[in-house]
Amino acid sequence: MTQHITVTEYDPKWPLLYDKEREKLIGVLKGNCLAMYHIGSTSVPGLAAKPITDIMAAVKSLEGADAAAAEFSRLGYEYCGEFGIKGRRYLRKGGAERTHQVHIFQADDWHNIGRHLAFRDYMRRHEAARREYAALKIALARQFPYDIDGYCAGKEAFVRAAEARALAEFDGAWDKLYLAARKVQYERDLSPLIGAGSVSAAVLSAKGNIYTGVCIDTACSLGMCAERNAIANMITNGESQIIKIVAVMPDGRAGMPC
């Protein structure tokens, strides 16, 4: 079915539509989902866009996402596999009047995760780039209302140049730390009196390395918080200077370190 391409002015309801769909997608991916992000033009306040909610999920396992294909189908998604980008799982919903697109990457695929976040954040920060991108998209949508290949080809030079500028100024350390901590976060019972993993942490060292740790909870006072565990891991590997630290609580939210 040929996609109908329209570009409209920014709608403040778009983040709310993302929040609503996010909960449904997490319900399908369950514990395989480590993080989810609103990306694409509808995630940039003030930017004209195709009214399509673009969502990116970082997962433990692409195989786990593949196993949930039937559940995604029940939400109305077409599960398209890599669809031209190695290491991605692409889903779309809405047919010719597309409403949602989902891009799933394994959490250690920072190349793809980082470039999407960098481009989004760059557009949020730079008004001149937003105006230029909006004008280009509006013109292309008028020229190619039913030709997605022509529309995308017309954007390619701008997107490539903007992405290069975005990556040049993008840090991404907090997102890297969060994903690293989430990868090791899961509850495990070590004995009837000892549990571990409900809280996790990641430390960025002065040498640029990331060290992780999980909490160890005991029936006495001999347990260890996740942050101390991550710091001990760093010290064990010969480093002693912390640049940044992230602690992740049992509900998946970043919290104040101990």
Which chymotrypsin sites (Phe, Trp or Tyr not before Pro) does the stretch 67-115 hold that lie in a coil by DSSP with at most 15 other beta carbons within 10 Å? Phe83
Would you please name the trypsin sites (Lys or Arg not before Pro) within the stretch 1-80 that are DSSP coil residues with at most 11 other C-beta atoms within 10 Å of their C-beta? Lys13
Helix 173-184 against the longest principal axis of the chain: what's the angle in degrees, Cα atoms only, rounded to the nearest 10? 60 degrees
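Which three semi-axes in whole Å describe the equivalent ellipsoid of the chain, each the square root of 5 times a Cα gyration tensor eigenvalue, listed largest first?
38, 22, 14
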Report, to one decimal in Å, the Kirkwood hydrodynamic radius for the stretch 59-140 based on all distinct Cα pairs. 14.6 Å
For the chain, calculate the relative contact order in percent as a whole number, restricting contacts to Cα pairs under 8 Å that are 6 or more residues apart. 14 percent
Dipole axis of the chain (+1 Lys, Arg; -1 Asp, Glu on Cβ), positive-most option in Ala202, Val248, Leu91: Leu91
A correct fewest-to-most ranking of Val246, Val214 by other Cβ atoms within 10 Å would be Val214, Val246
Farthest toward the dipole's positive end in the chain, which of Tyr211, Ser191, Met123, given Cβ charges of +1 (Lys, Arg) and -1 (Asp, Glu) about the Cα centre? Met123
What is the fewest-to-most order of Val203, Val184, Val59 by other Cβ atoms lying within 10 Å of their Cβ? Val184, Val59, Val203
With +1 assigned to the C-beta of every Lys and Arg and -1 to the C-beta of every Asp and Glu, and no other charges, what is the dipole magnitude of the stretch 174-255 about the Cα centre in debye, to the nearest 20? 260 debye
Tell me whether the stretch 143-238 comes out rounded, prolate or oblate; compute the Cα gyration tensor, take square roots of the eigenvalues as a ≥ b ≥ c, and use a/c under 1.5 as the rounded threshold. oblate
Helix 110-125 against the longest principal axis of the chain: what's the angle in degrees, Cα atoms only, rounded to the nearest 10? 60 degrees
Which pairs break 31 Å Cα to Cα here: Lys183/Lys207; Lys13/Lys207; Lys30/Lys207; Lys24/Lys183; Lys30/Lys176; Lys137/Lys244? Lys13/Lys207; Lys30/Lys207; Lys137/Lys244
Taking loop as defined by DSSP and a crowding limit of 12 other beta carbons within 10 Å, which GluC sites (Glu not before Pro) in the stretch 81-176 fit? Glu82, Glu97
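Laboratory data are not the source of any read-out in this text; all were calculated from the coordinates shown. A quick note: this is a predicted structure, and the numbers were derived from the prediction, not measured. No Cβ is skipped: glycine too gets one built from the backbone with ideal geometry, and neighbour counts run over all protein chains shown.
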